[in-house]
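For reference, the structure is listed below as structure tokens.
Values quoted throughout were computed directly from the atomic coordinates according to the rules given, and no laboratory measurement underlies them. Keep in mind that this is a model prediction, so the values were computed, not measured. Cβ atoms come from the backbone with ideal geometry, glycine included; neighbour counts cover every protein chain shown.
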Amino acid sequence: MNSLSTKHLLGIENITPEDIQMIFQVADNFKDVINRPIKKVPTLRDITIANLFFENSTRTKLSFELAEKRLSADVVNFSAASSSVKKGETLIDTVNNILAMKVDMVVIRHPSPGAALFLSKHIDSVIINAGDGTHEHPTQALLDAYSIREKLGDVKGKNVVIVGDILHSRVAISNIHCLKKLGANVKVCGPLTLMPKHIESLGVEVETNLKKALEWCDVANMLRIQHERQEVKYFPSLKEYTLQYGLTQDLLDELDKEIVIMHPGPINRGVEISSEIADSNNSIILSQVENGVAIRMAVIYLLAGKI
């Protein structure tokens with residue numbers, strides 16, 4: 001079995017372009033598997049994986065669980081809302097209790113940046129970061145780049161704009177790292193109040209005019225406003241945000257080309273993207289969801305070689 005250069009998947013920042021290409025190649029094979037009548041392979045029959053979700057999640061949690069079951073792993077699901085965390089149990093105690101049950105791999109989503117890294121230093125298990133605060137969401141970035149590769153043939157040289165709440169988005173940060181490592185040109189677009197202070201240090205340009213960004217790009221990845229992570233108001237109103245940064249059919253009709261539309265979900269229809277666009281032929285949003293299972297199967301399979 002080929003394996004990655006790292007024992008864990010903590011963030012895109014920590015892996016190499018070669019790792020990313022290996023994940024994509026393995027995902028190609030697993031896409032064939034999940035489109036067969038019998039969608040399971042016995043590859044990880046002896047592996048036990050715990051999904052630890054300390055934040056709400058629908059798509060990511062379901063995608064990981066489906067990927068694990070497609071690989072025939074044994075799966076343990078843990079939700080903080082119904083656990084001893086509510087009684088004051090610490091993160092490390094929670095995980096150690098689960099590991100005492102002989103768990104080989106931990107998939108963790110946590111509101112604190114660095115939670116996955118913290119675990120990797122304190123427990124002897126493979127850790128996959130399913131999102132840690134505003135830090136990173138590596139498998140989302142991998143499936144996004146994989147979806148661009150599938151649609152356009154390659155990521156290298158493509159112009160990709162990420163639009164919306166960059167400041168609070170772990171998806172944006174992971175996407176920037178991933179796209180840059182694969183040779184794409186990246187811009188971010190949104191209100192300056194929703195831009196991190198040192199965003200240019202990641203090698204991206206800031207564009208505040210959505211129409212100019214769309215004229216430049218081959219791919220537009222639309223992000224939602226992360227209300228749950230905002231403690232103050234960053235713009236006057238949702239209506240004003242939508243007027244300036246909402247993607248509509250009228251805006252696309254003004255372009256002299258077709259562009260690929262993406263969204264990591266969940267979609268706020270009528271805010272950052274209209275329903276008409278989300279459901280259009282330009283949109284690869286549902287392909288992203290399907291590719292998420294194949295990418296997560298690939299990551300789990302490759303990291304299982306480290307167990």
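The table below lists the values:
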quantity: Estimated FRET transfer efficiency (Thr6, Ser112; beta-carbon r; R0 30 Å; 0.05); calculated: 0.90
quantity: Debye intensity ratio in log₁₀ form over the Cα atoms of region 138-288, taken at each q of 0.09, 0.12, 0.15, 0.16 Å⁻¹; calculated: -0.24, -0.43, -0.70, -0.81
quantity: Residue-span extension gain [Glu215 to Ile307] - 0.36 nm each, minus C-alpha spacing; calculated: 28.4 nm
quantity: In range of the label at Arg59: residues from region 1-43 whose backbone nitrogen is under 20 Å from the point 7 Å along Cα→Cβ; calculated: 11-12, 24, 27-28, 31, 34-35
quantity: Label-point gap, in nm, between Asp124 and Lys39 - each point 7 angstrom along Cα→Cβ; calculated: 3.6 nm
quantity: For region 141-188, Kirkwood radius (reciprocal of mean inverse C-alpha pair distance, Å); calculated: 10.6 Å
quantity: Rounded if a/c under 1.5, otherwise prolate or oblate - region 113-216, Cα gyration tensor axes; calculated: oblate
quantity: Cross-link partners of Lys158 among lysines (Cα-Cα below 21 Å; sequence separation of 8 or more within a chain); calculated: Lys180, Lys181, Lys187, Lys211, Lys212, Lys257
quantity: Net dipole in debye of the chain [+1 Lys, Arg Cβ; -1 Asp, Glu Cβ; about Cα centre; nearest 20]; calculated: 740 debye
quantity: Net charge over other residues, Cβ less than 12 angstrom from the Cβ of Asn268 (K, R count +1; D, E count -1); calculated: 0
quantity: Counted charge near Ala27, where neighbours are those whose Cβ lies closer than 14 Å (Asp, Glu -1; Lys, Arg +1); calculated: -2
quantity: Label point distance in nm, Ser275-Asp253, each placed 7 Å from Cα along Cα→Cβ; calculated: 1.8 nm
quantity: Kyte-Doolittle at least -0.5, axis length at least 20 Å by Cα - qualifying DSSP helices, the chain; calculated: 17-34, 138-152, 285-304
quantity: For region 1-32 and region 248-307, distance of Cα centres in Å; calculated: 20 Å
quantity: Positive-end residue of Asn56, Ile267, Ile127, charge dipole of the chain with Cβ unit charges; calculated: Ile127
quantity: Amide H partners (placed H, <5 Å) of Ala184, local residues excluded; calculated: Gly157
